[in-house]
1. For the range 44-80, name all the residues that are surrounded by 23 or more Cβ atoms within 10 Å (Cβ to Cβ) and within 15 Å of Ala24 (Cα to Cα).
2. Quickly run through the range 19-43 and pick out the residues that are polar (S, T, N, Q) and either surrounded by 20 or more Cβ atoms within 10 Å (Cβ to Cβ) or under 19 Å from Thr75 (Cβ atoms) (or both).
3. Answer yes or no: is there a residue in the range 35-42 that is in contact with a Phe, Trp or Tyr (Cβ under 8 Å, 6 or more places away or on another chain) and farther than 15 Å from Asn87 by Cβ.
4. Is it fair to say Leu178 is over 21 Å from Asn87 (Cβ atoms) and in a helix (DSSP H, G or I)?
5. Could you tell me which residue of the range 83-126 is modelled with the highest pLDDT, considering only residues that are loosely packed, with under 13 Cβ neighbours inside 10 Å and of a type in the set (Asp, Glu)?
6. Spot the failing condition for Gly165; the list is (1) exposed (fewer than 11 other Cβ atoms within 10 Å of the Cβ); (2) within 21 Å of Thr39 (Cα to Cα); (3) modelled with pLDDT of 90 or more, and only one is missed.
7. Pairs please, first residue from the range 43-68 and within 25 Å of Ala174 (Cα to Cα), second anywhere and part of a helix (DSSP H, G or I) and among the polar types (S, T, N, Q), Cβ atoms under 6 Å, 6+ apart in sequence or on different chains.
Amino acid sequence: MLLDRTTGTDEELIERTLAGEISAFEDLVERHRDVVFRTAARIVGPDDADDVTQDAFLRAFHRLGQFRGTAAFRTWLLQIAHNAALNTLARTRRRPPEETSEPAEIPDRDPVRQPVKELERRERQRRLELKLEALRPDYRSLLVLRDLEGLSYTEISEVLEMPLGSVKGRLHRARGELIDLLRNNTYYWELPR
């Protein structure tokens, strides 16, 4: 009989990793890879998301002994991923701009869709990604963590190391900026003027 190693809690997997069981960390990676990748992809774009994801997990592995458990492991990991994404953005800003192509789509794991609906979804996703890229990185991070990944305000406060009131205020301004960007394209977003 095979044992399912992923049934343990994050804390149990962390303890096992710190005790030298590398496969326990592999289980943590498997459990949290999608949310880290999606967050990274929406901050830095899909082209750099794999590198950011790998960097975040590598940093988390090396700092695992520093994890205190005062927040959820996912929150701590997303904080690392967020910082890795911002570092990547800072590095890419220093490079001369290259010809940018259409942003690659972030994979959707729902394989059963009608072709027209799928085409419309991809087009909306592509346009949303373009609009998100136009936002300041800190606003983009807030929107990704709250509206796309569903983190609570408290979790966002911990991930971004920002007071709770600042999270709420900046998120409000970020949403306002995004709405303004989307209103410039009302045909596709059907927003009232």
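1. Ala60
2. Taking the range 19-43 first, the residues polar (S, T, N, Q) are 23, 39.
Scanning the range 19-43 gives a single hit, Thr39.
3. Keep residues of the range 35-42 that are in contact with a Phe, Trp or Tyr (Cβ under 8 Å, 6 or more places away or on another chain), which gives 36.
The next check asks that each one be farther than 15 Å from Asn87 by Cβ; those that pass are none.
No, that holds for no residue.
4. Details: over 21 Å from Asn87 (Cβ atoms): yes; in a helix (DSSP H, G or I): yes.
It is true that Leu178 is over 21 Å from Asn87 (Cβ atoms) and in a helix (DSSP H, G or I).
5. Per the criteria, the residue is Glu123.
6. Status for Gly165: all satisfied but (2).
7. What qualifies is Ile43/Ser141; Val44/Thr88; Asp48/Thr88; Val52/Thr88.
The values are calculated or read from the model by the stated rules, or taken from the named source; none is laboratory data. Computed from a predicted model, the values in this text were never measured in an experiment. Don't worry about glycine lacking a Cβ; one is built from the backbone with ideal geometry, like all the others, and counts go over all protein chains shown.
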